[in-house]
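The values are calculated or read from the model by the stated rules, or taken from the named source; none is laboratory data. Because the structure is a prediction, the values reported are computed rather than measured. Note that we place each Cβ from the backbone using ideal geometry, even for glycine, and neighbour counts take in every protein chain shown. Please note that ligands, DNA and RNA were not included when accessible areas were found on the heavy atoms of the full protein model with its side chains. Shrake-Rupley method; radii C 1.70, N 1.55, O 1.52, S 1.80 Å.
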Amino acid sequence: NGGIPSLGVKVNKDKTRVNYSAPFELACHNRCRSFFPWCGLLINTATCEITLDYERFHGQKAIDTISVHRLGSEGMNIRKAMKGFVRPRCNQQLLFSSRINNIDSVRLNFYQTVLLCAIKTTHYIESIDIAFSSKKQSTFFYDSVCDTIQYTFLLISLKLKNDFVLCWEDALWLGKHSFS
């Protein structure tokens with residue numbers, strides 16, 4: 001853990017993690033227990049399954065990057081924004097691959113992907129001050145949620161093909177519950 005002084009290489013103790021007992025453990029104060037953080041993901045040290053590290057979105061961080069579009073149709077802007085909220089997670093194939101994760105982890109990752117979208121969508125709607133007071137507006141929003149869930153499911157399915165084992169019925173149920 002001392003690095004290689006002759007080459008000028010030094011180990012940054014704040015960025016060093018272990019998930020096992022090691023002789024240098026006293027020097028490395030960042031011991032991981034169940035999950036090992038790596039590039040914004042959490043790797044389960046017992047199963048090697050992967051989830052997103054949602055600690056990064058704690059507090060205001062989940063809504064810091066939201067751009068509110070005020071020109072054009074508010075409804076179409078919301079739909080476009082919702083799809084934009086899920087797209088980055090859908091591109092993280094490690095989260096949804098059945099070669100890496102069991103079906104429960106895939107379900108959790110799908111649910112959390114749409115849940116983060118729901119959080120961002122709520123903030124987006126509050127920012128443009130829409131009440132959804134009419135039945136027509138409520139129906140439009142419900143359809144937008146279902147459309148976003150389907151978009152998420154299809155985008156992941158197209159990228160992973162046979163490695164994505166979540167069925168549409170489960171995805172729809174999980175997605176709707178993340179918005180409730």
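Residue under question is Gly72, and the condition is that it be modelled with pLDDT under 85 and surrounded by fewer than 17 Cβ atoms within 10 Å (Cβ to Cβ); does it hold? So that I can check it myself, show each step before the final result.
Values: modelled with pLDDT under 85: yes; surrounded by fewer than 17 Cβ atoms within 10 Å (Cβ to Cβ): yes.
Judged against the criteria, Gly72 is a match.
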(message) Condition (residue is open to solvent by less than 30 Å² (accessible area, probe 1.4 Å), assigned to a helix (DSSP H, G or I), hydroxyl-bearing (Ser, Thr, Tyr) and touching a residue at least 24 places away in the same chain (Cβ under 8 Å)) applied to the stretch 117-125: is it met by at least one residue?
(response) yes
(request) Mind listing whichever residues of the stretch 80-92 are loosely packed, with under 15 Cβ neighbours inside 10 Å, in a helix (DSSP H, G or I) and touching a residue at least 40 places away in the same chain (Cβ under 8 Å)? (result) Arg87
(request) Looking only at the stretch 16-52, count how many residues are among the hydrophobic types (A, V, I, L, M, F, W, C) and at pLDDT 80 or above. (result) 11
(message) Among the residues of the stretch 34-56, what is the count of those that are open to solvent by 80 Å² or more (accessible area, probe 1.4 Å), in a loop (DSSP other than H, G, I, E, B) and under 20 Å from Leu115 (Cβ atoms)?
(response) 0
(message) Looking at Leu108, Leu158 in this structure, which one is over 28 Å from Glu74 (Cβ atoms), part of a helix (DSSP H, G or I), open to solvent by 70 Å² or more (accessible area, probe 1.4 Å) and free of Cβ contacts under 8 Å to residues at least 40 places away in the same chain?
(response) Leu158
(request) Run down Lys161, Lys135, Lys120 and say which single residue is at positive phi and out of contact with any Asp or Glu (no Cβ under 9 Å at 6 or more places or on another chain). (result) Lys161
